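The values are calculated or read from the model by the stated rules, or taken from the named source; none is laboratory data. Remember, it's a predicted structure, so these values are computed and weren't measured experimentally. Methodologically, a virtual Cβ is constructed for each residue, glycine included, from the backbone with ideal geometry; neighbour enumeration extends over all protein chains shown. Just so you know, the surface numbers come from the protein's heavy atoms only, side chains and all, with ligands and any DNA or RNA stripped out. Shrake-Rupley method; radii C 1.70, N 1.55, O 1.52, S 1.80 Å.
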Amino acid sequence: MSKILILPGDGIGKEIIAQAIKVIDSLNANHGLGMNLVHGLIGGSAYEETGSPLPEETLVTAKECDSILLGAVGGQQWESLERELRPERGLLGIRSELDLFSNLRPAILYPQLANASTLKNEVVSGLDLMIVRELVGGIYFGQPRGIEIKDGERFGVNSATYFESEIARIGHSAFQIAQKRDKRVCSVDKANVLEVCELWREVMEEVSQDYPDVELTHMLVDTAAMQLVRAPKQFDVMVTSNLFGDILSDCAAMLTGSIGMLPSASLNKNNYGMYEPIHGSAPDIAGNDIANPLATILSVSMMLRYSLSQASLADKINAAVNVVLDQGYRTKDISAAGDTIVGTDAMGDLIVDAIE
Ligand code: NAD
């Protein structure tokens, strides 16, 4: 019996998580999943109840669980709080406390949604790319950092730092994922300008020696950004640092034209994971039953595959999403003329029906 911590968070978080829970309940009842759910607080709603965006109790419970399913955090009402109390600090905090260093962000274009992309159909149709982003190091965490007065004016500093062990472990993650896919890793850096990237490239080459069946190539981040838009299907697995991964994975997500469809995983070295949709808390549509729950439901599928070794149940969820899209049902964000538009709750029910 696996134990999963459910963290709905803020905005549309509660609505989309409710649909994922329906799917889990159905797999428990009819397909022998055996998943036990416990609930916790994170983000702005946690701050409102406890004064912290990451209450101690959430962390303690997280460590007792096998993985986490998260909705999203954030909202304008918390943006003026001091930095440490903002919802996003809860997210950064839990990632770093649990050492969730490997962020997997698939960019998949469902053929039924090819028209949702701003790119030409032939450029993106069938796109299936995995971005592996280092999540707990690099410039987002490096020291020194801050804003100070220097030579009589304000001076801002952040530091891009990586130990070779940090690069090696994300490299291993990427190569192991590539082994289960098309066996190609493209490592993205800026080694022509930054020493930290020179080290990144060297270590990736060293790690690749352990994976003779996987092809390793290197690409500069500016070229990678260009190639992602020009010919994204050339990539299988792309591995990169925290900062570059943040930017490139959003770019890759938008190739699919449907932010509401994309799940993500953040894993530690034991394959413990936090699973969440890539989108935010969408305060502009919260409470209106129009948010797309599929990214969250597909996050459950990723959890089954990457943390709980239940690939056949993961396949069941993916197949159900395909069936419902084939039937022409869409939430508003992915709809086109002729589709049947359904709300968040109804989409959850349709997926459950398709699974059963
Ligand atoms: P967002 O992803 O919340 O929304 C961007 C746009 O996409 C909005 O128009 C929104 O309505 C739409 N959208 C997002 N998810 C959708 C869904 N499931 N179905 C239909 N439409 C959807 O990004 P934002 O507006 O820049 O940020 C809103 C808040 O979310 C901010 O506080 C931000 O800090 C936070 N945020 C949190 C996370 C996270 O929790 N991982 C990630 C990004 C942003």
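Tell me, which residue of the stretch 41-97 that is outside any helix (DSSP H, G or I) and of a type in the set (D, E, K, R) is farthest from the ligand (Cβ to nearest atom)?
By that ranking, first place goes to 66.
One residue is enough: does the stretch 130-137 have a residue meeting the conditions within 25 Å of residue 331 (Cβ to Cβ) and acidic (Asp, Glu)?
Among the residues of the stretch 130-137, not one is within 25 Å of residue 331 (Cβ to Cβ) and acidic (Asp, Glu), which makes the answer no.
Could you please find all residues in the stretch 313-348 being open to solvent by 20 Å² or more (accessible area, probe 1.4 Å), free of Cβ contacts under 8 Å to residues at least 60 places away in the same chain and under 21 Å from the mean Cα position of the chain (by Cα)?
If the condition is that a residue be open to solvent by 20 Å² or more (accessible area, probe 1.4 Å), free of Cβ contacts under 8 Å to residues at least 60 places away in the same chain and under 21 Å from the mean Cα position of the chain (by Cα), then 315, 318, 319 are the ones that fit.
Tell me which of these residue 231 doesn't satisfy, since it passes every other one: (1) among the small types (Gly, Ala, Ser); (2) within 27 Å of residue 74 (Cβ to Cβ); (3) open to solvent by less than 50 Å² (accessible area, probe 1.4 Å).
Checking residue 231 against (1) among the small types (Gly, Ala, Ser); (2) within 27 Å of residue 74 (Cβ to Cβ); (3) open to solvent by less than 50 Å² (accessible area, probe 1.4 Å), the one that fails is (2).
Can you find a residue that is in a loop (DSSP other than H, G, I, E, B) and either under 18 Å from residue 71 (Cβ atoms) or modelled with pLDDT of 95 or more (or both) anywhere in the stretch 313-327? Steps first, answer last, please.
Of the stretch 313-327, the ones in a loop (DSSP other than H, G, I, E, B) are 327.
Now restrict to residues that are either under 18 Å from residue 71 (Cβ atoms) or modelled with pLDDT of 95 or more (or both): 327.
Yes; the residues of the stretch 313-327 include at least one that is in a loop (DSSP other than H, G, I, E, B) and either under 18 Å from residue 71 (Cβ atoms) or modelled with pLDDT of 95 or more (or both).
Among the residues of the stretch 208-226, which ones are more than 24 Å from residue 195 (Cβ to Cβ) and open to solvent by less than 30 Å² (accessible area, probe 1.4 Å)?
Across the stretch 208-226, the qualifying residues are 211, 214.
Name the residue, out of 247, 290, that is open to solvent by 10 Å² or more (accessible area, probe 1.4 Å) and in a loop (DSSP other than H, G, I, E, B). Step through it out loud before you land on a result.
Working: 247 fails: in a loop (DSSP other than H, G, I, E, B).
Unique residue meeting the criteria: 290.
Within the stretch 163-204, which residues are among the aromatic types (Phe, Trp, Tyr) and either over 26 Å from residue 271 (Cβ atoms) or buried (at least 21 other Cβ atoms within 10 Å of the Cβ) (or both)?
175, 200
What residue, of 309, 281, is open to solvent by less than 20 Å² (accessible area, probe 1.4 Å), among the hydroxyl-bearing types (Ser, Thr, Tyr) and in a loop (DSSP other than H, G, I, E, B)?
Exactly one residue qualifies, and that residue is 281.
I'd like the full set of residues that are more than 30 Å from residue 339 (Cβ to Cβ) and open to solvent by less than 20 Å² (accessible area, probe 1.4 Å), limited to the stretch 99-118.
Across the stretch 99-118, the qualifying residues are 100, 101, 102, 103.
Being under 28 Å from residue 173 (Cα atoms), touching an Asp or Glu at 6+ places or on another chain (Cβ under 6 Å), open to solvent by 10 Å² or more (accessible area, probe 1.4 Å) and not assigned by TED's automatic domain parsing to the domain that holds residue 141 is the requirement here; does residue 73 meet it?
Spelling it out, residue 73 is indeed under 28 Å from residue 173 (Cα atoms), touching an Asp or Glu at 6+ places or on another chain (Cβ under 6 Å), open to solvent by 10 Å² or more (accessible area, probe 1.4 Å) and not assigned by TED's automatic domain parsing to the domain that holds residue 141.
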